[in-house]
Amino acid sequence: MTLVFGHDSSYSSIFNEIAEDFPTIHFVSFNGNATESNTTSLNFESYAMGYFGDMTAAYGSDTGHLGVIGAYDWQPEIKGFVDGSKFQNKDSVVHVKYINDWDDKDKAILALDNLMRENVDVVYPAGDGYNVTVIEQLKNQGLYAIGFVSDQWDLGENTVLTSTVQNVETLYKEAAKLYSQENLPAGNLFFDFQEDAIMLGKFSPLIDEDFQNQLNVYIQKYVETGKLPEEE
């Protein structure tokens, strides 16, 4: 058999449709729903990364108003982001704007303008097609960001408080290893902090070491027990 990757959730439905016509190919997509005997979807369990990212946002905020620019309302990291702020600071308020697109920079900047009018000073741009544009604008405004998907600390250490990182290369390697061992299952596989598929990026020097150490303790407990701080 041959292993074929499609680096997007949209490939999942395409692979399901054509899989029967290519029985000697194993099709692998990301964050989708694999339904055929020779299709697999590698999925990030993103709730916890949003949760820990927003604990950092709530800690670093001066106004107590946090913002999310989401691509779609089904993103679990956004629900995690909202919940994480409440554990860190019960008085914090999270304002969420959806643009229903992964890439539309103009809509993202319009959403950012609306968030700034609501006194938001930390923003989570949860779309990898517009996150850099939003972070650059936040830097220009002297505001803060939580990076999305990759470690975006290099966009400004005094702007990016931390990042929620998805280690895509880890999933590629894991799928290739299982395939080489003839042990890659069909269906949907899920990965989180426990598999080193998700992590937080570097912290801004604005986030003090005591908080960083406490957060790392919470993350380690989550890795070991699957329980978030509010569940302990």
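Once the Cβ-Cβ distance between residue 14 and residue 104 is put in as r, and R0 is 25 Å, what FRET efficiency do you end up with, to the nearest 0.05?
Step by step, r from the Cβ atoms, then E = 0.65.
Over the heavy atoms of residue 2, what accessible area does a 1.4 Å probe trace out, to the nearest 10 Å²?
Roughly 80 Å² of residue 2 is accessible to a 1.4 Å probe.
What angle do you read, to the nearest 10 degrees and between 0 and 90, between the alpha-carbon axis of helix 105-117 and the longest principal axis of the chain?
Rounded to the nearest ten degrees, it is 30.
Would you give the gap between the C-alpha center of the stretch 1-45 and the C-alpha center of the stretch 180-197, rounded to a whole Å?
13 Å
Efficiency by 1/(1 + (r/R0)^6): what FRET value for residue 225 and residue 199, r their Cβ-Cβ distance, R0 = 30 Å, to the nearest 0.05?
The formula returns an efficiency of 0.95 here.
Would you mind getting the accessible area per residue of the stretch 1-53, heavy atoms of the protein chains only, 1.4 Å probe, in Å²?
Ligands and nucleic acids excluded, the result is 46 Å² per residue.
What's the lysine pair count for the chain at a Cα cut-off below 22 Å, pairs eight or more apart or interchain?
Final tally of qualifying lysine pairs is 17.
Accessible area of the chain with a 1.4 Å probe: how many percent of it is carbon plus sulfur?
47 percent
What angle do you read, to the nearest 10 degrees and between 0 and 90, between the alpha-carbon axis of helix 76-88 and the longest principal axis of the chain?
Once rounded, one gets 30 degrees.
Calculate, for residue 91 and residue 140, the FRET efficiency according to 1/(1 + (r/R0)^6) with r their C-beta to C-beta distance and R0 35 Å; round to the nearest 0.05. Don't skip to the end; give the middle numbers.
Values: r = 28 Å, r/R0 = 0.80.
Step by step, r from the Cβ atoms, then E = 0.80.
Using only helices, what value at 222 nm comes out for the chain when you add -39,500 (n - 2.57) per DSSP H run of length 4 or more and divide by the total residues, to the nearest 500 deg cm²/dmol?
-12500 deg cm²/dmol
Once the piece of chain linking residue 7 and residue 119 is laid out straight, how much longer is it, given 0.36 nm per residue of separation minus the C-alpha distance between them?
36.7 nm
So how tilted is helix 131-141 from the main axis of the chain? Cα-based, degrees 0 to 90, rounded to 10.
10 degrees
The values are calculated or read from the model by the stated rules, or taken from the named source; none is laboratory data. No experiment lies behind these values; they were computed from the predicted model shown. Here the Cβ is made from the backbone with ideal geometry for all residues, glycine too, and neighbour counts use every protein chain on show. When the accessible area is computed, the model is the full protein with side chains, heavy atoms only, and any ligands, DNA or RNA have been set aside. Shrake-Rupley method; radii C 1.70, N 1.55, O 1.52, S 1.80 Å.
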